[in-house]
Structures are given as structure tokens and as C-alpha cells.
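Please treat every number below as a calculation from the coordinates, not as lab data. This structure is a prediction, so every number in the text was calculated from the model and none was measured. Don't worry about glycine lacking a Cβ; one is built from the backbone with ideal geometry, like all the others, and counts go over all protein chains shown.
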Amino acid sequence: QEPATPRITGTPLEILHSVFGYESFRGEQAGIVEHVTSGGNAVVLMPTGGGKSLCYQIPALARPGTGIVVSPLIALMHDQVEALRAVGARAEFLNSTQGADERSRVEAALMAGQVDLLYVAPERLALESTRRMLDGVAKRGGISVIAIDEAHCVAQWGHDFRPDYLTLGDLGERWPGVPRLALTATATEATHKELTTRLRLEDATHFVSSFDRPNIQYRIVPKNDSRAQLLSFIKSEHAGDAGIVYALSRASVEQTAEYLAKQGISALPYHAGLDSRVRAANQRRFLREDGIVMVATIAFGMGIDKPDVRFVAHIDLPKSVEGYYQETGRAGRDGLPSDAWLAYGLNDVVQQRRMIDGSEGDLAHKRRLTANLDAMLALCETVTCRRSQLLAYFGQVGAEACGNCDTCLEKPDTWDGTVPAQKLLSTVVRLQRERNQRFGGGQLIDILRGKETPRTKQHRHEELSTWGIGSDLSEQQWRGVLRQLLAQKLLNVADDGYGTLVLSELSTAVLSGGRKVELRKDAERAASRSRSGGS
Ligand code: ADP
Ligand code: ZN
């Protein structure tokens, strides 16, 4: 038996100094800690790296009783408990990884009033047995605060919904008088509202920090050959740096990790299909060694506290701006210059629209997914400051051009794409009317450029009146036109599961000349750009 650690006491500021060793509170921390310590409920929106943990850890220590922290990630729980113990706080966790013996030890400590902070997985807290035990704690030493971390997980609008979170709505009824706070690093206005009502925090004070991450440089480039572009980006700007590369599929994760490794980069794969030991080992290496590049699906990263991640690269289009913000937010938690780099192309748009059409769920669900994708596409195709558009998405409207994103550093040229758009749309119309046919982007481009292939011959496409009328643009340029027409919804992906392209409600206005089409010029040298004018 270890000797019992004495309870930490003191005012919040004393605890900040003596336990955590920090000089002063940062940003909204002081206000949040004061409010919660004196018994108020709070909703905290603070970007990654902003210092959310102290917002509940200090009230939990400053108030009598045990603080309960709901956290969705077991790995994170473990790290936080270790870190708290290292500074002398009595922290424990309850989750599915524990054996019965370990669980009874934690329960005994709880009953003896020897736990300052208890981390618990949401599915544990959903269990009546866990709740009854906490009733016991409430009666004896008391519950000091209830903190719900990653609170956006309760929102169905969000990108990371977890059904277990829905059971957290009644905690205020179960333990009345205990201050509750919900924290998240990602919340649009819709998510913010939804989490407030679902967690019954209508009476809470809201603390909304700026979501700006000034040290992150945002760049979004058109995709030609994503692996080669990625390699050139890493080699020219981040040789030897730690970074995260996000890909959508497990296969792509593995192939990309292998490709980078062959090119001499210390890259490791991470996705839910890997053996759990391999996954844990890769994660450990990423955290402990220098210069590891983790190639991962979005299963990786929530709660990973590695301060010196110098870049986050996406080789596939994220499904929403919230997801993009959260994933890129894992770069540069130490405040030093870092890059968020994304390559996306026509296929990303087609594929994601198809996935939405094919997804389970009702119409409302599909509409949500579509709205999320549209916002992401708008961010990709914007000709104004990416950062101010990102911040506006999170409700911070009117920010000035930042000077530290690709569109600020090099103003994208636009061009009048009305005529090419008309040529393309009328090809779609002809195929539909004259042949009752639909095709994907590749075939349309071949027709426009008058490129003979076995498939164009088979369908006698050279007889179409639009055959070859677009030979003034390269195949690459046409892909850019198509991608942007899809992004602007001037063209649609049919819901036939094949990714064929059809007219949208907006197409007719373009065809009749009633609507101009402004397109951005895709940069030729898309992969790298000098870091001039950085923060
Ligand atoms: P978040 O959960 O919001 O991403 P953390 O709570 O993990 O952020 O804090 C991010 C980093 O900032 C941590 O390394 C933490 O120790 C540090 N930190 C938090 N608050 C302060 C403070 N008041 N003074 C100095 N460092 C702080
Ligand atoms: Zn900018």
C-alpha cells in the first residue's frame, strides 16, 4: 500500500502556482475557473491548445469533494491521470480497460474520499451501477464539479457524434447543485446550440474564446498526384519534422505510409483496422520520438497532446469545416509556426457526393452532410482569406485578411469561365436529350477535347455537336472547371451510384446566359510555396 497523498488545498490562483507551476491564467481561464469554483455552470468553447483542462481541474481541486470528468478517449484519460498524479493530485479513472480488482480499488478510494478527480468514459457514466456508486460519493465527500470534455460529441449536427453522450443530459437532475461545465474545441453555432440544450446547460454562462490559431498557415491546393505533392511538401518544408497526414480510407493510409517510408521519411500508419498493439506502439513512437509522420484516418488525434506537430496534411477532402478545423488544430499547439496543407480534386467532390447519396439515414441527415460538404468546398474554392472564412464559419464574422494563408500570400487569379461552363453543360444536355446517356467527368472531358478513345468510339461521341469544342483548354484545366462547377452546385452528381454528372437547378441560368461563372485559376506549381510573410 502506498501512503495516502494529502489533499491539495488553496485558492484557484494558489493552486495554479503551487500545483501546476504556472505564472498566471491564460485568456478566459480566470473567468471560467472563478465562475465554476463559485458554483456556476459553464459552456466553454476554446481552441485546441487553449488550456481547457485547467478550467475544470482547478475548480475540482479548489472545491471540496471529487470532480468528475467525462472524457471519450481512454488513451487521453490515462495520460491526464498520469499528469495529475505527477503534480500531486489524486486522480483516478474508470473505463472498460480495467479489471475487477482495479475497479474495486478505485471505488474504495472514492468512498474513502481520497479522489480529487475521477475520469470516466461516457458509457460508464451511462450505467446505473456507476451512478449509484457516485450517489455514495455525493453523500460522503461530495461531488465538486462535473466536466464534460469534447462536448461537441453530443451534437448530431457535429462531425463526431457519439450516442453515449446523449445520456449525459440528466446529470444536473441526478446531482443538483453540482456545477457542470461542457468544453469543446470545435463548435459552429449549430453545434454550440445543440450541445447547450442536450446537456441542459440553458442557464450556463458561455465562454467563447477566439478560434484563431495565428501560428497555423492554411493552404489548400488542387490535387494532381497527391502522394508526389505530399512528398514534395514534406521534403521541401518539413524535413525531419513531426506531422500528421490524414487520408480517408485505411488502404490509402497504408499505401501512403509505405510510400513515404520508401522515400526515407519516418512514416507510420494508424487506423482502426490495425491490430491494437500495433496502433498503440505507433502512437507511442509518434509521441515520444522526434520527427515521426503519422499517416492516419481521422480515428487518430483527438486528445493527443503533442505540442510540436509542425504540419497537418490532408490528402483527401475532409467532410466538414468542423472536422478540418479540429484536425488542422493538432498542428502547432506550442504556438510555433506550423502548416495546414490540403490537396483536393475533382474526384474528392464526386466521391463525397456519392457517399452522401449512398449513406444510411433520413433526408434530414443527408441534408446535413451536404451542407457540411458545401461549406468545406466553399472554403477550398474561396478567393478571399481562408482564415477569415474559417472564423466566420465559427461565428467570428468580419476578421481581416490574415496575411498567413495561401490566398492572402498570393491572391488567386480568377477568370470568366462562363463559356467553358456553357460548353460543358450543353454536352451534358445533348447526351441526355439525344442519347439518353449520362457520363462521369472523364468522358465529358474527352468529348470536349475531341479525344478519341475506345469508349468515345463505342458511343459514337464524335458525332455530337459539342465534340472537340473545348480543345482550347487542357485536361487539367477542364478538371478544374468541373470541380468548381460541382463546388458551386452548377452541376450535380446523380444519385445513381456511378458518379455520373447531371444538370442542377442552377445550370439553366448558366446555359441561357443569365448567369456568369467566375472560376479561380488553379496554380500550376501547386505543391509548395515559400513561407514568406508568416506570423
Ligand atoms: P486544450 O485541452 O484546450 O487543448 P490543454 O489543457 O491541453 O489544452 O493545454 C494546452 C497546453 O497549455 C498544455 O501544455 C498546458 O499545460 C498549457 N497551459 C494551459 N494553461 C496554461 C497557463 N495558464 N499557463 C501556461 N501554460 C498553460
Ligand atoms: Zn488569410
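A compact table of results
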{"quantity": "Whichever residue in the range 435-481 is aliphatic (A, V, I, L, M) and free of Cβ contacts under 8 Å to residues at least 40 places away in the same chain and, among such residues, is surrounded by the fewest Cβ atoms within 10 Å (Cβ to Cβ)", "calculated": "464"}
{"quantity": "The range 134-166, residues that are in contact with a Leu (Cβ under 8 Å, 6 or more places away or on another chain) and surrounded by fewer than 15 Cβ atoms within 10 Å (Cβ to Cβ)", "calculated": "136"}
{"quantity": "Output for the range 393-414, where each listed residue is in contact with a Gly (Cβ under 6 Å, 6 or more places away or on another chain) and either among the aromatic types (Phe, Trp, Tyr) or on the phi > 0 side of the Ramachandran plot (or both)", "calculated": "403"}
{"quantity": "Single match in 182, 204 (criterion: closer than 27 Å to residue 332 by Cβ and over 18 Å from the mean Cα position of the chain (by Cα))", "calculated": "182"}
{"quantity": "3 or more residues within 30 Å of residue 327 (Cβ to Cβ) and out of contact with any Pro (no Cβ under 8 Å at 6 or more places or on another chain): qualifying helices (runs of 4 or more DSSP H) within the range 1-83", "calculated": "29-37, 52-62"}
{"quantity": "Every residue from the range 42-53 that is surrounded by fewer than 22 Cβ atoms within 10 Å (Cβ to Cβ) and either more than 9 Å from ligand 1 (Cβ to nearest atom) or within 20 Å of residue 89 (Cβ to Cβ) (or both)", "calculated": "51, 53"}
{"quantity": "Of all residues making up the range 329-375, the number that are of a type in the set (A, V, I, L, M, F, W, C), within 25 Å of residue 484 (Cα to Cα) and surrounded by 21 or more Cβ atoms within 10 Å (Cβ to Cβ)", "calculated": "7"}
{"quantity": "In the range 409-427, residue nearest to ligand 1 (Cβ to nearest atom) [restricted to those that are surrounded by 16 or more Cβ atoms within 10 Å (Cβ to Cβ), in contact (Cβ under 8 Å) with a residue 60 or more places away in the chain and over 16 Å from residue 484 (Cα atoms)]", "calculated": "409"}
{"quantity": "Condition met for residue 394 (buried (at least 17 other Cβ atoms within 10 Å of the Cβ) and within 16 Å of ligand 1 (Cβ to nearest atom))", "calculated": "yes"}
{"quantity": "Given (1) within 16 Å of ligand 1 (Cβ to nearest atom); (2) surrounded by fewer than 22 Cβ atoms within 10 Å (Cβ to Cβ), number of the condition residue 401 does not satisfy", "calculated": "(1)"}
{"quantity": "Failed item in (1) part of a helix (DSSP H, G or I); (2) over 29 Å from the mean Cα position of the chain (by Cα); (3) of a type outside the set (D, E, K, R), with residue 177 passing the rest", "calculated": "(1)"}
{"quantity": "Restricting the range 16-40 to residues that are buried (at least 23 other Cβ atoms within 10 Å of the Cβ) and over 22 Å from residue 85 (Cα atoms), the residue that is nearest to ligand 2 (Cβ to nearest atom)", "calculated": "32"}
{"quantity": "Helices (runs of 4 or more DSSP H) contained in the range 406-455 and holding at least 2 residues under 35 Å from the mean Cα position of the chain (by Cα) and closer than 30 Å to residue 338 by Cβ", "calculated": "406-409"}
{"quantity": "Scope the range 190-202; condition in contact with a helix residue (DSSP H, G or I) (Cβ under 9 Å, 6 or more places away or on another chain), among the charged types (D, E, K, R) and part of a helix (DSSP H, G or I); matching residues", "calculated": "194, 198"}
{"quantity": "Every residue from the range 386-399 that is touching a helix residue (DSSP H, G or I) at 6+ places or on another chain (Cβ under 7 Å), within 14 Å of ligand 2 (Cβ to nearest atom) and either assigned to a loop (DSSP other than H, G, I, E, B) or free of Cβ contacts under 8 Å to residues at least 40 places away in the same chain (or both)", "calculated": "389, 399"}
